Each structure stands twice: as structure tokens, then as C-alpha cells.
Amino acid sequence: MAVLDTPAARDAAKQAPRGLALSRHVVGWLLASPLALVLALFLILPIIMIVIVSFWGATEFSIYPAFQFDNYEFLFGSPVTYSVFLNTFKYAAITWVFTLVIGFTVAYFLAFHVHSLTWQVALFLLCTIPFWTSNIIRMISWIPFLGRNGIANSTLISWGVIDEPLDWLLFSDFSVILTFVHLYTLFMVVPIFNTMMRIDKSLIEAAYDNGASGFQTLVHVIIPLTKPGIMIGSIFVVTLVMGDFITVRFMSGSQSANVGRLISNDIALLQYPSAAATAVVLLATVLIVIGILLRFVDIRKEL
């Protein structure tokens with residue numbers, strides 16, 4: 001049967017791919033709509049509510065809907081706010097450095113020095129053992145170890161390293177950062193290890209064949225190819241540390257504070273608008289930090 005070559009037939013042939021593409025577009029949106037609905041209900045809507053409440057007013061006995069900037073004026077007008085935010089950045093930066101060094105070292109050892117897949121899995125699972133208990137239990141376990149009469153001080157005294165117990169081991173910035181590193185190092189190990197396992201081993205062999213030393217191979221081959229994993233781990237660690245409040249409360253003996261602790265105190269005093277305003281500023285700060293980190297590498301290739 002002959003095919004009619006008419007203008008109408010040619011227009012129909014052109015419209016067919018467009019209609020197919022449109023139908024695929026509609027099907028794609030329909031498939032994504034359940035997840036979009038879940039994100040809207042449990043992520044976007046709560047954030048919108050927090051932003052709205054941050055403009056409300058509050059007295060000692062009640063909270064009333066309003067649109068005012070009193071909470072933000074009080075927040076940015078208090079020197080305590082800047083001190084607390086600076087303390088939060090300090091905890092996040094120091095914890096990030098230590099978790100990056102430890103996480104990169106562990107991931108490098110598992111990826112390039114353990115050649116058996118069975119041993120890689122076994123050692124990786126060994127790293128997850130602390131996560132079999134809650135964060136609070138792992139956090140509190142440091143208190144008898146770092147206390148004035150704890151294991152650390154008793155050991156150092158018995159070895160003759162010190163003459164009297166060290167007071168700064170517990171209820172100090174040292175104990176807070178130590179606990180942060182203990183809690184969140186695995187969040188750095190996992191993405192870096194995952195990225196290293198994807199590196200083509202022939203690239204490393206080619207670097208050695210061209211006369212590169214181990215350090216040069218690490219700097220010019222492994223680290224650049226591991227940047228996506230480093231950025232993902234950095235986002236995890238920084239956001240978790242900046243939002244944490246219970247660790248700072250317990251491990252500093254309530255002698256130090258971060259933004260999360262500030263929000264927690266406002267909630268305990270039923271000052272929800274003030275807590276919401278602080279949460280909005282913290283959210284904006286975290287998003288800015290994440291945006292800066294994403295400028296260094298495109299992690300969409302890793303996701």
C-alpha cells in the first residue's frame with residue numbers, strides 16, 4: 001500500500017514525536033508526584049510554618065499571630081548571638097578537619113590497602129559498630145573516661161606523665177569536639193570510601209609508570225577524583241554539628257553553647273517565635289555553607 005505524501009501527513013508525522021515527548025513528560029510528573037507530595041508535606045510545609053511563626057509575637061503568658069521583626073531585631077541586636085554563632089562555626093570547622101583527616105585515612109586504607117572484598121566489607125562493618133547504640137549512650141560513655149577520676153587521668157598519673165588530674169579533659173571544648181569527632185566520623189568515611197572504590201586502578205598504575213611517587217599520586221590523582229565524596233561527607237558533618245545541641249549541653253557541662261542550644265533554651269521557655277527566628281537564621285547559614293561547598297565540585301555526578 002502506498003503512503004500518501006501530503007502536507008497533512010507530514011504535519012501528522014511531525015506532531016507524533018511531540019505528542020510522545022509530551023506524554024512522557026506527563027508520565028514523569030505523575031511518577032514524581034507522590035515523592036513531591038511527601039516532600040511538600042513533611043519538609044517544605046514545616047519550614048514555611050517555622051518562617052511564619054518567626055514573625056509572631058510572644059509575651060510571658062501567650063503567643064499571638066503578627067507580622068513583626070522584633071524577634072530578628074532582638075536576635076541580631078544581642079552580642080550573645082554573634083558569640084554563639086562563632087562558637088558554632090568553631091565546633092563545625094575543627095570537627096570537619098579531624099573527621100576529614102581520619103575519614104580519608106580510613107577510606108584510603110580500606111580502598112587501596114585491603115585487596116580482599118571480604119575483608120573490606122568486614123572492616124567497614126567494624127567501623128559501624130558504634131552506630132549500633134544511640135548517640136546519647138556513645139556520648140555519655142566518654143564521661144567516666146575523661147572525668148577527673150576517670151580512666152584517662154588515672155592512667156596518665158600511674159604512668160607518671162602528670163602529677164594531678166587534668167580538669168580540661170571533661171566539660172570543656174576538648175570533650176565537645178572529641179565527642180563530635182567520635183559521633184560523625186563515619187559520615188565522612190562512607191562517601192569518601194564509596195568514591196575511592198569507583199576510581200579506576202589503572203589510573204594509579206599509569207601514574208606510577210610515569211614516575212610519580214606515592215605522594216604525587218595521592219595529591220594529583222586520588223584526591224581530585226575523591227572530591228565529590230569529600231564534599232558530601234563535609235556537608236553531612238557540618239550540617240550535623242551545626243544543628244546539634246545535646247552534645248554541647250552534656251559534654252561542656254552547660255558551660256558552652258551553640259545555636260542548637262540557643263533554640264533548645266527558647267523552646268524550654270516556650271518562646272517559640274524567638275526559637276523559630278533563630279532556626280530560620282541557622283537554616284539560612286547552613287544553606288550558605290552548603291552552597292559554598294557545592295561551588296568546589298559538582299556532586300550530582302556522585303548522587
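Looking for something assigned to a helix (DSSP H, G or I), more than 13 Å from Phe193 (Cα to Cα) and touching a Pro at 6+ places or on another chain (Cβ under 6 Å) - is there at least one such residue anywhere in the range 122-138? For the range 122-138, residues assigned to a helix (DSSP H, G or I), more than 13 Å from Phe193 (Cα to Cα) and touching a Pro at 6+ places or on another chain (Cβ under 6 Å): present. Between Ile263, Ile292, Ile267, the distinction of being over 30 Å from Phe61 (Cβ atoms) and either free of Cβ contacts under 8 Å to residues at least 60 places away in the same chain or in contact with a Lys or Arg (Cβ under 6 Å, 6 or more places away or on another chain) (or both) belongs to Ile292 only.
Every condition in (1) within 22 Å of the chain's Cα centre (by Cα); (2) under 26 Å from Gln271 (Cβ atoms); (3) not β-branched (Val, Ile, Thr) holds for Tyr72 except the one numbered (1). Regarding the range 36-55, can at least one residue be identified that is closer than 24 Å to Tyr272 by Cβ, out of contact with any Asp or Glu (no Cβ under 9 Å at 6 or more places or on another chain), aromatic (Phe, Trp, Tyr) and modelled with pLDDT under 90? Checking the range 36-55: not a single residue is closer than 24 Å to Tyr272 by Cβ, out of contact with any Asp or Glu (no Cβ under 9 Å at 6 or more places or on another chain), aromatic (Phe, Trp, Tyr) and modelled with pLDDT under 90. Of all the criteria given as (1) part of a helix (DSSP H, G or I); (2) modelled with pLDDT under 90, the one not satisfied by Val3 is (1). Looking at the range 271-279, can you tell me whether even one residue there is in contact with a Ser or Thr (Cβ under 6 Å, 6 or more places away or on another chain), crowded, with 19+ Cβ neighbours inside 10 Å and closer than 20 Å to Asn87 by Cβ? Checking the range 271-279: at least one residue is in contact with a Ser or Thr (Cβ under 6 Å, 6 or more places away or on another chain), crowded, with 19+ Cβ neighbours inside 10 Å and closer than 20 Å to Asn87 by Cβ.
Just checking, does the range 113-120 include any residue being under 24 Å from Phe245 (Cβ atoms) and either exposed (fewer than 14 other Cβ atoms within 10 Å of the Cβ) or touching a helix residue (DSSP H, G or I) at 6+ places or on another chain (Cβ under 6 Å) (or both)? No, the range 113-120 contains no residue that is under 24 Å from Phe245 (Cβ atoms) and either exposed (fewer than 14 other Cβ atoms within 10 Å of the Cβ) or touching a helix residue (DSSP H, G or I) at 6+ places or on another chain (Cβ under 6 Å) (or both). Scanning the range 143-202 for residues that are of a type in the set (Lys, Arg) and either under 22 Å from Cys127 (Cβ atoms) or in a loop (DSSP other than H, G, I, E, B) (or both) turns up Arg148, Arg198. Meeting the requirement of 1 or more residues that are among the small types (Gly, Ala, Ser) and under 14 Å from the mean Cα position of the chain (by Cα), the helices (runs of 4 or more DSSP H) wholly within the range 211-303 are 223-243, 272-294.
The values are calculated or read from the model by the stated rules, or taken from the named source; none is laboratory data. Predicted, not measured: the structure shown is a model, and the values here were computed from it. Note that each Cβ is placed from the backbone with ideal geometry, even for glycine, and that neighbours are counted across all protein chains shown.
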